[in-house]
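A.B. asks: Could you have a look at this structure, given as structure tokens, before my questions?
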Amino acid sequence: MSFVPIICGKRDWDVEYAQSQEYNAIYCPNCHNYKVRPVKRREFITIWFIPVMPFFWGKQLVCPICNWRQDFKSDEQLKKVLREQDNIRAGKVGG
């Protein structure tokens, strides 16, 4: 009788999202730095290190320091986040 182990796991791929100066220096609400950047994220279930089935395919804001993540659906949603952060930096919060 022989035994062949099947190794299963999860593999993530992050691809840079439309790099431009307007998407740099987004504020991280978790660790309070300005390093958050948008990425296209793909997560797959793997068997023997071969991607078999995707279980997440979308866009996220990610902080490379604390690994905080937040999904966003469209460019309009991303631009809204940037406008809100500009208001915070200008001191226009809550009024």
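Computed from the coordinates by the stated procedures, all read-outs in this text should not be read as laboratory data. All of these numbers come straight from a predicted model, not from anything done at the bench. In this analysis, Cβ positions are derived from the backbone assuming ideal geometry, glycine residues included, and neighbour counts consider all displayed protein chains.
A.B. asks: Show that you can apply the helix-only estimate: for the chain, add -39,500 (n - 2.57) for every DSSP H stretch of four or more residues, divide by all residues, and state [θ] at 222 nm to the nearest 500.
C.D. replies: Estimated from H runs of four or more residues: -5500 deg cm²/dmol.
A.B. asks: Please flag any cysteine in the chain that has no other cysteine's Cβ under 4.7 angstrom from its own Cβ.
C.D. replies: Cys8 - these cysteines have no disulfide-compatible partner (Cβ-Cβ under 4.7 Å) in the chain.
A.B. asks: Dipole size in debye (nearest 20) for segment 8-90 around its Cα centre, Lys and Arg Cβ +1, Asp and Glu Cβ -1?
C.D. replies: That gives segment 8-90 a dipole magnitude of about 100 debye.
A.B. asks: Given N residues in the chain, what is Rg(Cα) / (2.2 N^0.38 Å)?
C.D. replies: My calculation over the Cα atoms of the chain gives 1.45.
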